[in-house]
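Asker: Below you will find the structure I want to go over with you.
Here, each number is a calculation from the coordinates, and none is a lab measurement. All figures in this text were calculated on a predicted structure; none of them were measured in a lab. When we count neighbours, we look across all protein chains shown, and the Cβ atoms used for this are built from the backbone with ideal geometry, even at glycine.
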């Protein structure tokens, strides 16, 4: 079971790295200025690169509890952000949030893939993987 938990923890870390690099690509290379909700999502994603990386190296599977909490909060923010982009009655009543509107869509691949959707996928994957790591840890006892 430790091997399974080890692989799951690595996959969660890799997901956080890819999400962080994707976020930095959009802001630093493509020059897309993040809105306030994007910044909040970054606040919950970026630390997981270090948290999960250290947990993987030290084989500290209990750290999955912390990534579960961080990804859960980030997931809620992403769901809200994606909803105000894609659900018309929510976007009409969405509050203004700085220079860049949170309802703006820098990308819209295949008609539904936006930056908050990508964050939603990353947070969801880390959330599920964290649950699976904790489950594997519990089964090992």
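Asker: Would you mind stating whether residue 134 is in contact with a helix residue (DSSP H, G or I) (Cβ under 7 Å, 6 or more places away or on another chain), in a helix (DSSP H, G or I) and surrounded by fewer than 17 Cβ atoms within 10 Å (Cβ to Cβ)? If you could, list the steps in order and put the result at the bottom.
Answerer: Working: in contact with a helix residue (DSSP H, G or I) (Cβ under 7 Å, 6 or more places away or on another chain): yes; in a helix (DSSP H, G or I): yes; surrounded by fewer than 17 Cβ atoms within 10 Å (Cβ to Cβ): no.
In short, no.
Asker: Of the conditions (1) within 14 Å of residue 134 (Cβ to Cβ); (2) in contact (Cβ under 8 Å) with a residue 60 or more places away in the chain, residue 63 satisfies every one except a single condition; which number is it?
Answerer: With (1) within 14 Å of residue 134 (Cβ to Cβ); (2) in contact (Cβ under 8 Å) with a residue 60 or more places away in the chain applied to residue 63, the lone miss is (2).
Asker: State all residues of the range 15-45 that are crowded, with 17+ Cβ neighbours inside 10 Å and under 19 Å from residue 68 (Cα atoms); if no residue qualifies, say none.
Answerer: 15, 16, 19, 20, 40, 41, 42, 44, 45
Asker: Now for a separate question. Quick one: how many residues across the range 85-106 are in contact (Cβ under 8 Å) with a residue 24 or more places away in the chain and either touching a helix residue (DSSP H, G or I) at 6+ places or on another chain (Cβ under 7 Å) or within 30 Å of residue 61 (Cα to Cα) (or both)?
Answerer: Start the filter on the range 85-106 by keeping residues that are in contact (Cβ under 8 Å) with a residue 24 or more places away in the chain, which leaves 85-86, 97-102, 104, 106.
Those left that are additionally either touching a helix residue (DSSP H, G or I) at 6+ places or on another chain (Cβ under 7 Å) or within 30 Å of residue 61 (Cα to Cα) (or both): 85, 97-98, 102, 106.
Residues meeting the conditions: 5.
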